[in-house]
Amino acid sequence: MAITDKIYVKNHRQLSSQLETNIPKGAFKGATLDVLFQGQGLEKLDDATRDRVLDFATDFLDCDCDNNPYCGCPERKFVRYLLELRAQGLGPDAIVDVMSDDYMVYAYSGDVLSFLDSGVRTLEAAEGLARVEGDGEAEEEIRRVKRELSR
């Protein structure tokens, strides 16, 4: 299961109530993306909530794909966002706090830790493949990224 399947809308019930429609709790579920992408009813949200929802839509749903927002770009952008937070030295608890403050979404710290650990294991495998292929440059770059992610 992808980490984006474990990202949830904070204050889900309050948001659904303000929008006067039911939306799934998952931030990357189809109906949630529809509401955010189409922007219908966002004027019903209080200013602070609207700003965060619009920030989320701008930062993750903006792409030129024909199938937007179902093209996978929002999920890839969010994963990149999580990795950037980790590269800044934040641990799982701090990452959850930042995503909650930035976009009104949350995850469980254990799920973030599992995601980061899985990323390190994937990089270890890629590093081994680069070594077998004799690509020292790629091996060193992968090693550098792995160190950033596992600090």
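The values are calculated or read from the model by the stated rules, or taken from the named source; none is laboratory data. Because the structure is a prediction, the values reported are computed rather than measured. Here the Cβ positions follow ideal geometry from the backbone for every residue, glycine too, while neighbour counts run over all protein chains shown. The area values use the complete protein model at the heavy-atom level, side chains included, leaving out ligands, DNA and RNA. Shrake-Rupley method; radii C 1.70, N 1.55, O 1.52, S 1.80 Å.
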> Restricting to segment 92-114, what's the tally of residues that are in contact (Cβ under 8 Å) with a residue 40 or more places away in the chain, over 12 Å from K6 (Cβ atoms) and part of a helix (DSSP H, G or I)?
Replying inline: 3
> Going by the conditions given, is G89 open to solvent by 40 Å² or more (accessible area, probe 1.4 Å), without any contact (Cβ under 8 Å) to a residue 24 or more places away in the chain and at positive phi?
Replying inline: no
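So which of E75, E43 is open to solvent by 20 Å² or more (accessible area, probe 1.4 Å), touching a residue at least 12 places away in the same chain (Cβ under 8 Å) and either assigned to a loop (DSSP other than H, G, I, E, B) or on the phi < 0 side of the Ramachandran plot (or both)?
Numbers: E43 fails: touching a residue at least 12 places away in the same chain (Cβ under 8 Å).
One residue alone meets the criteria, E75.
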> Which residue pairs have Cβ atoms closer than 6 Å, lie 6 or more positions apart in sequence or on different chains, and pair a first residue in segment 126-147 that is assigned to a helix (DSSP H, G or I) with a second residue that is open to solvent by 80 Å² or more (accessible area, probe 1.4 Å)?
Replying inline: E139/R131
> Inside segment 14-40, can you point out the residues that are open to solvent by 50 Å² or more (accessible area, probe 1.4 Å), assigned to a helix (DSSP H, G or I) and under 27 Å from F115 (Cα atoms)?
Replying inline: D34, F37
>> Quick check on my filter: what residues within segment 101-149 are at negative phi, loosely packed, with under 14 Cβ neighbours inside 10 Å and among the small types (G, A, S)?
In response: G110, S118, A125, G128, G136
